[in-house]
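One structure is given below, encoded as structure tokens.
The values are calculated or read from the model by the stated rules, or taken from the named source; none is laboratory data. Worth saying up front: this structure is predicted, and the values here are computed from it rather than measured. All Cβ positions, even for glycine, are placed from backbone atoms using ideal geometry, and neighbour counts span all protein chains on display. Ligands, DNA and RNA are excluded from the accessible area calculation, which covers all protein heavy atoms including side chains. Shrake-Rupley method; radii C 1.70, N 1.55, O 1.52, S 1.80 Å.
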Amino acid sequence: METLEKFYKVTAHQEYEKNPKLTVKDVQELLTWSNENINLHGKMIARDPAHPFNQRQLDVVNINIIPDEDTRYSYIWSQLKIVDSSQYYPTVATKLTFMAIELDQIECGTKPGYIMVLDSNRFGLSHALRYSLSNARNLMTYVQEGTSFIIDKIFVLNVTSGTERVFSTMKPFMSSSLINKVVIKSVSKTNEFIKTLPQKVVPKDYGGLAPDMGETNELLKKKLLENRDYFLEEEKFRNGHVKDEVDTTIDSNDKDDISSFKNLSID
């Protein structure tokens, strides 16, 4: 079977050196599972970075990955650039975030975990209504069962009513361990919290030492295009073909049975 090994910049030998607890048996078991579940959640995947819709969504949402060389963790910062909710497609934005993480793994190899920092400023109820129950279910299933990376923490900053609704939509599909990784900061507590992070992983937009989000988002767009062959090959490897269309479905038929937000702890 053809593999994607030619695209990876970190060798298997380097991975074993970096992760002394990793064994050949572990890798073989993962390969077996992967081959048996190669189409798992494939419906979420339409991965051509050059597709105009994917490029446009990167103009709507800033996505940035900033590595912490000391801990080997990477911070994923995300924020809305364009307020108009009609231009926001959550499934596409989420897919692009996962593609950015995958690209990080291609270039740097595996990491002990990723820390997500989601700035919900500008994220209103009109944005939240773009999420349906089926969107939330598919996303949470993929995050918990189908990803090749570990989410260590999810920090949600500048919480809004839109953020509250999205969390309430997703919470029924989240395991207790994933829920415990979510830390939500109110608008009044956000700046104070950001000061507790290593400043080298905080973008200049928030007073830190890392490049501003617009700059690194443009760099991500460039890197995704440079690695287009990988994403097309991966999609073909997974699905047997490359999709021509990006799934932009907004399901308005789900019943509004979203649970109360009252159990969420906001600092």
So for the pair Ser161, Tyr8, with labels modelled 7 Å out along Cα→Cβ, what separation do we get in nm? 4.8 nm
Most to least packed among 15-23, 227-235 [average Cβ atoms within 10 Å]: 227-235, 15-23
Report in % the part of the accessible area of the stretch 89-199 that belongs to carbon and sulfur, leaving out ligands and nucleic acids; probe 1.4 Å. 53 percent
Suppose accessible area is computed on protein heavy atoms with a 1.4 Å probe; arrange Tyr88, Tyr206 from highest to lowest. Tyr206, Tyr88
Accessible-area order (highest first, 1.4 angstrom probe) of the listed residues Arg72, Arg137, Arg238: Arg137, Arg72, Arg238
Rolling a 1.4 Å sphere over the protein heavy atoms, what is the accessible area per residue of the stretch 96-185, to the nearest Å²? 36 Å²
Could you give log10 I(q)/I(0) at q = 0.17, 0.18, 0.21 Å⁻¹ for the stretch 90-160, computed by the Debye formula over C-alpha point scatterers of equal weight, without solvent? -0.75, -0.83, -1.09
Kindly provide the pair-distance distribution of the stretch 42-139 built from C-alpha pairs, with 10 Å bins from 0 and whole-percent values in order of increasing distance. 14, 44, 34, 8, 0
Using a 1.4 angstrom probe on the protein heavy atoms only, line up Arg165, Arg130 by accessible area, largest first. Arg165, Arg130
Taking R0 as 30 Å, what FRET efficiency do you get between Val83 and Arg228 from their Cβ-Cβ distance, rounded to the nearest 0.05? 0.50
May I ask you to derive the FRET efficiency for Thr147 and Lys195 from their Cβ-Cβ distance with R0 = 41 Å, giving the value to the nearest 0.05? 0.85
Taking 0.36 nm per residue of separation between Arg137 and Val187 and subtracting their Cα-Cα distance, the length gained on full extension comes to 15.2 nm
Round to the nearest 10 and report in Å² the accessible area of Lys200, as given by a 1.4 Å probe over the protein chains' heavy atoms. 90 Å²
Taking a ≥ b ≥ c as the square roots of the eigenvalues of the Cα gyration tensor of the stretch 84-208, is the shape rounded (a/c under 1.5), prolate (a/b larger than b/c) or oblate? rounded
Quick calc: nm separation of the 7 Å Cα→Cβ label points for Thr32 and Asn180 -> 2.9 nm
